[in-house]
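Contents: one structure, followed by commentary.
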Amino acid sequence: MISHLNGKLIEKNPTALIIECGGVGYEVKISLTTFSAIGSDESIKIFTQFIVREDAQLLFGFATKEERDIFNLLISVSGIGPNTAMIMLSSLSPEEIAHAIQVEDVRTIQSVKGIGIKTAQRVIIDLKDKMLKMTFSAENIFTQSNTNRFDALTALVSLGFDKKMVDKALDKISTGEETVEQLIKQALKIL
């Protein structure tokens, strides 16, 4: 319903922003990840998710579309509500959540306050296939060396190799200074 807000930043604190758009001040709940990504510029654009409940209408804000996508996937899991999803996004970055789900790292997901072992397992079961299809914009999330690794991983998976096998191969060879081409060539030797 409300895809994004583009306006004047009136107030910023670790859990919420107030953004004035067209003379209306919108209170937007945010994660610590978004809080740290937003500067103190007066003009701001933030991606949003509007949630209507029986007792409230809530607007959640995100610095990137990817973070919003992770949020929407998390709240689709039984037992994870918007507040729990925001706690997860405050504790872990979107790519850490995606990676933990992709490699079935229950401990990382369970390390978030309020997430037990059964909920962590449910998150992995429900979202694993969806996370494998998800991509992140390199300019917002990855450092240069991780971008090269991510590009190599994406290329090898698109060639038909299993993502887990490619991840393991890249872990063995990646020092963070290789080009995408070097990573692909070395990984192909292992695979």
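The values are calculated or read from the model by the stated rules, or taken from the named source; none is laboratory data. In this text, all values refer to a predicted model and were calculated from it rather than measured experimentally. For neighbour counting, all protein chains shown are included, and Cβ atoms are generated from backbone atoms with ideal geometry for every residue, glycine included.
Structure summary
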{"item": "Residue in region 172-180 that is modelled with pLDDT of 85 or more, polar (S, T, N, Q) and touching a helix residue (DSSP H, G or I) at 6+ places or on another chain (Cβ under 9 Å) present", "result": "no"}
{"item": "Restricting region 116-146 to residues that are at pLDDT below 50 and not β-branched (Val, Ile, Thr), the residue that is surrounded by the fewest Cβ atoms within 10 Å (Cβ to Cβ)", "result": "Glu139"}
{"item": "Residue that is nearest to Leu132 (Cα to Cα), among those in region 169-187 that are of a type outside the set (Gly, Ala, Ser) and surrounded by 14 or more Cβ atoms within 10 Å (Cβ to Cβ)", "result": "Leu170"}
{"item": "Arg107 in contact (Cβ under 8 Å) with a residue 24 or more places away in the chain and out of contact with any strand residue (DSSP E or B) (no Cβ under 9 Å at 6 or more places or on another chain)", "result": "no"}
{"item": "Qualifying strands (runs of 3 or more DSSP E) (wholly inside region 1-90; at least 2 residues being free of Cβ contacts under 8 Å to residues at least 24 places away in the same chain and surrounded by 12 or more Cβ atoms within 10 Å (Cβ to Cβ))", "result": "16-21"}
{"item": "Test for Ala85: is it of a type in the set (A, V, I, L, M, F, W, C) and within 21 Å of Phe150 (Cβ to Cβ)", "result": "no"}
{"item": "Failed criterion for Leu156 (all others in (1) part of a loop (DSSP other than H, G, I, E, B); (2) buried (at least 17 other Cβ atoms within 10 Å of the Cβ) hold)", "result": "(1)"}
